[in-house]
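Colleague: The structure follows.
Any read-out appearing in this document is the output of simple, stated calculations on the displayed coordinates, not a laboratory observation. None of these values were measured; they are calculated from a predicted model. Glycine gets a Cβ as well: all are built from the backbone with ideal geometry, and neighbour counts include every protein chain shown.
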Amino acid sequence: MEITLNHYLWLSAFMFTMGVVGVLVRRNAIVIFMCIELMLNAVNLSFVAFSHFLSDLQGQMMVFFVMTVAAAEAAVGLAIIISLFRNRQTVNVDEVNLLKG
């Protein structure tokens with residue numbers, strides 16, 4: 001069986017959908033961050049698949065950009081979660097209302 005572009009795109013769509021469902025359903029901030037990372041990796045998979053099948057390196061260069069943004073997002077996000085946990089003793093996003101006026 002030959003693996004085609006459609007296989008990669010279906011896997012990417014499945015991963016992205018699971019990430020969206022996780023963000024919408026889960027209340028734990030750390031799990032939400034992991035679901036966001038899953039969505040970013042799904043996009044990276046699509047970039048690499050298109051890059052391979054179109055013989056163009058721009059998709060692979062975009063993967064490095066997305067990975068850089070994901071690393072920055074993880075660093076800042078985890079710092080916010082740690083700070084939030086120190087102040088509120090929870091990472092449940094429903095119980096966090098610090099920014100409400």
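Colleague: Which loop-located GluC sites (Glu not before Pro) does the chain contain, where loop means any DSSP state but H, G, I, E or B and the Cβ has at most 14 other Cβ atoms within 10 Å?
Modeller: Values: sites: Glu2, Glu37, Glu73, Glu95; in loops: Glu2, Glu95.
Passing both the DSSP loop test and the Cβ count: Glu2, Glu95.
Colleague: Next question. Within the set of other residues whose C-beta is less than 15 Å from the C-beta of Cys35, count the net charge using Lys and Arg as +1 and Asp and Glu as -1. If you can, show how the numbers build up before the last one.
Modeller: On the way: positive: Arg26, Arg27; negative: Glu37, Glu73.
Charge balance in the 15 Å sphere: 0.
Colleague: What is the extension gain from Met18 to Val66, computed as 0.36 nm multiplied by their sequence separation minus the C-alpha to C-alpha distance, in nm to one decimal? Don't skip to the end; give the middle numbers.
Modeller: Numbers: separation 48, 0.36 × 48 = 17.28 nm, distance 1.88 nm.
Additional length available on full extension: 15.4 nm.
Colleague: Tell me the relative contact order for the chain as a rounded percent, counting alpha carbon contacts under 8 Å between residues six or more apart. Write down the numbers at each step before the final one.
Modeller: Numbers: 82 pairs, mean separation 27.4, N = 101.
Across the chain, relative contact order equals 27 percent.
Colleague: Oh, and also: What is the distance, in nm, between label points placed 7 Å from the Cα along the Cα-to-Cβ direction at His52 and at Thr90?
Modeller: 4.5 nm
Colleague: If you don't mind, there's one more thing I want to ask. Of Met61, Met39, Met18, which has the largest mean-square fluctuation in a 10 Å C-alpha GNM of the chain?
Modeller: Met61
Colleague: Compute the helix-to-body angle for 5-25: its Cα long axis versus the longest principal axis of the chain, expressed 0 to 90° and rounded to tens.
Modeller: Computed tilt is about 10 degrees.
Colleague: Cα axis of helix 58-88 to longest principal axis of the chain: angle in degrees, 0 to 90, nearest 10?
Modeller: For 58-88 against the chain, the angle is about 10 degrees.
Colleague: Tell me the angle of helix 29-54 to the major Cα principal axis of the chain, expressed in degrees between 0 and 90 and rounded to the nearest ten.
Modeller: Computed tilt is about 10 degrees.
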